[in-house]
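> Take a look at this one; I'll ask things after.
The values are calculated or read from the model by the stated rules, or taken from the named source; none is laboratory data. Being a predicted model, the structure only gives us computed values, none of them experimental. Every residue, glycine among them, receives a Cβ derived from its backbone with ideal geometry; neighbour counts consider all protein chains shown.
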Amino acid sequence: MNLFILGVTGNIGEQTLDIVRSSKGKYKVVSVSGNNNFEKMKNIIEEFKPLYVSMGKRDIIIRLEKLYPKIEFGFGREGLIKAATYSKLGNDLVVNAVVGSVGLEPTIEAIKKGRNIALANKETLVIGGEIINKLIKKHNVKLIPIDSEHSAIMQCLNGEDSSTIKNIIITASGGSFRDKTKEELKKVTVNDALNHPNWSMGAKVTIDSATMMNKGLEVIEAHYLFNVEYENIKTVMHRESIVHSLVEFHDTSVIAHLGNPDMRVPINYALSYPKRTEYKGEALDLIKVGSLHFEELSYKKYPLLKMAIDAGKSKGLNPTTLNAANEAAVNLFLNGKILFLQIEEIIRESLDVFKNDSEISLKKILDRDLKVKDYIYKKYS
Ligand code: MG
């Protein structure tokens, strides 16, 4: 199978390469995109020999071109889209592991090319779900989730009639601050936030897990992936991250997906879907795990969870506003410009300032995304 990996130098991208490495030639890396990590990309080129490479900015490409004159290079938005649509080889799969709204356009262009997508980029469905679902139907392509919760749900639904689904139940570890009070959250630092109890993830999603925005975005994604109403998508806190999500059926049966928290499992499943191929990870030891805990995820403690679900329900441009405000605010927090609790204040403010528009288009989404980020960076940088 031919892989086109967007965001290859990030956390999910690197773990995708782990699967490629262990596949004994089953997967070929055709094109890759990164952002600004020259050394990492150099190593990836040496090991996987892609035909096309794109980076965020031109200056890094110039340095790489000198080293690898036979490879085709691109950069920025155009380069990213080209990495997703490069060549036509047959048996192609795009792995979209880019972080942020920038992941939407390459997904769209790859679908238009009839290419299946293994999706780790949440924003594709959060801001573009309505557009994407129409395109998937039109071009008859598969969208396979990489996110552990959605991969779990997809596996629980295997062979089931969708009319028998009663509820989808998404689990959440609770993030780095699950045991902190609101008062304690006032003074948490970037380093505190980046210390996730169970999962190894990139900085953005680790902060999103601490604010619970991540779970909100996942509810919106689940709505579009599985065509289930928001009222029937529940969330529950589960500290051990062993149950990755569950589906409740109309006969009261509940099917859960269990496993150790290792992103390479859902990545491996997405790459080999609909087959299940071997992965030599650590086996789940239930005796060692001992007990599993489930608690209510409180909207009071995690107001961003509710804000995200409400934005999802209101559709139109509200999810774009919410997501853009979150991207900008998390970026400001990571750069020490704002406090942790200001993330939610800034998102609430943005949803007040930027009014919803129910008639969406790609142009409107991209335009709103830029305007919201611009507004926040000008005001808070
Ligand atoms: Mg997840």
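> Among the residues of region 146-161, write down those that are within 15 Å of the ligand (Cβ to nearest atom) and either of a type in the set (Ser, Thr, Tyr) or free of Cβ contacts under 8 Å to residues at least 24 places away in the same chain (or both).
Within region 146-161, Ser148, Ser151 meet the criteria.
> Does Leu297 meet the test of being under 23 Å from the mean Cα position of the chain (by Cα), crowded, with 19+ Cβ neighbours inside 10 Å and assigned to a loop (DSSP other than H, G, I, E, B)?
For Leu297, the condition - under 23 Å from the mean Cα position of the chain (by Cα), crowded, with 19+ Cβ neighbours inside 10 Å and assigned to a loop (DSSP other than H, G, I, E, B) - is met.
> Okay, next question. Which ones in region 134-172 are polar (S, T, N, Q), in a helix (DSSP H, G or I) and under 17 Å from Ala118 (Cβ atoms)?
Answer for region 134-172, where residues must be polar (S, T, N, Q), in a helix (DSSP H, G or I) and under 17 Å from Ala118 (Cβ atoms): Ser148, Ser151, Gln155.
> May I pose another question? Assuming Thr124 fulfils every condition listed in (1) in contact with a strand residue (DSSP E or B) (Cβ under 7 Å, 6 or more places away or on another chain); (2) part of a loop (DSSP other than H, G, I, E, B); (3) of a type in the set (Ser, Thr, Tyr) apart from one, which condition is it?
(2)
> Still on this structure, please answer the following. Which numbered condition trips up Asp192, out of (1) within 18 Å of Asn326 (Cα to Cα); (2) assigned to a helix (DSSP H, G or I)?
For Asp192, the exception is condition (1).
> Test each condition in (1) within 15 Å of the ligand (Cβ to nearest atom); (2) not in a loop (DSSP other than H, G, I, E, B) for Val247 and report the one that comes out false.
That leaves (1) as the condition not met.
> Residue by residue through region 203-236, note down the ones that are more than 12 Å from the ligand (Cβ to nearest atom) and over 14 Å from Ile168 (Cα atoms).
Ala203, Lys204, Ile207, Ala210, Thr211
> Kindly check whether there is at least one residue in region 223-239 that is modelled with pLDDT of 95 or more, hydroxyl-bearing (Ser, Thr, Tyr) and in a strand (DSSP E or B).
yes
> Separate question: If you take the residues of region 205-220 that are touching a residue at least 60 places away in the same chain (Cβ under 8 Å) and surrounded by fewer than 24 Cβ atoms within 10 Å (Cβ to Cβ), which of them is nearest to Lys134 (Cα to Cα)?
Val219
> Can you name every residue in region 124-145 that is more than 16 Å from the ligand (Cβ to nearest atom), of a type in the set (Val, Ile, Thr) and within 27 Å of Arg276 (Cβ to Cβ)?
Answer for region 124-145, where residues must be more than 16 Å from the ligand (Cβ to nearest atom), of a type in the set (Val, Ile, Thr) and within 27 Å of Arg276 (Cβ to Cβ): Ile132, Ile136, Val141.
> From the set of residues in region 94-140 that are hydroxyl-bearing (Ser, Thr, Tyr) and without any contact (Cβ under 8 Å) to a residue 60 or more places away in the chain, which is surrounded by the most Cβ atoms within 10 Å (Cβ to Cβ)?
Thr107
> Any idea which residue in region 42-74 is nearest to Leu3 (Cα to Cα), counting only those that are in a loop (DSSP other than H, G, I, E, B) and under 27 Å from the mean Cα position of the chain (by Cα)?
Among those residues, the one meeting the criterion is Pro50.
> Of the residues Thr164, Thr171, only one is surrounded by fewer than 17 Cβ atoms within 10 Å (Cβ to Cβ), farther than 20 Å from Pro319 by Cα and in contact (Cβ under 8 Å) with a residue 24 or more places away in the chain; which?
Thr164
> Do you know which of the residues in region 254-272 that are in a loop (DSSP other than H, G, I, E, B) and in contact with a strand residue (DSSP E or B) (Cβ under 9 Å, 6 or more places away or on another chain) is surrounded by the fewest Cβ atoms within 10 Å (Cβ to Cβ)?
Applying the filter and picking the extreme gives Pro261.
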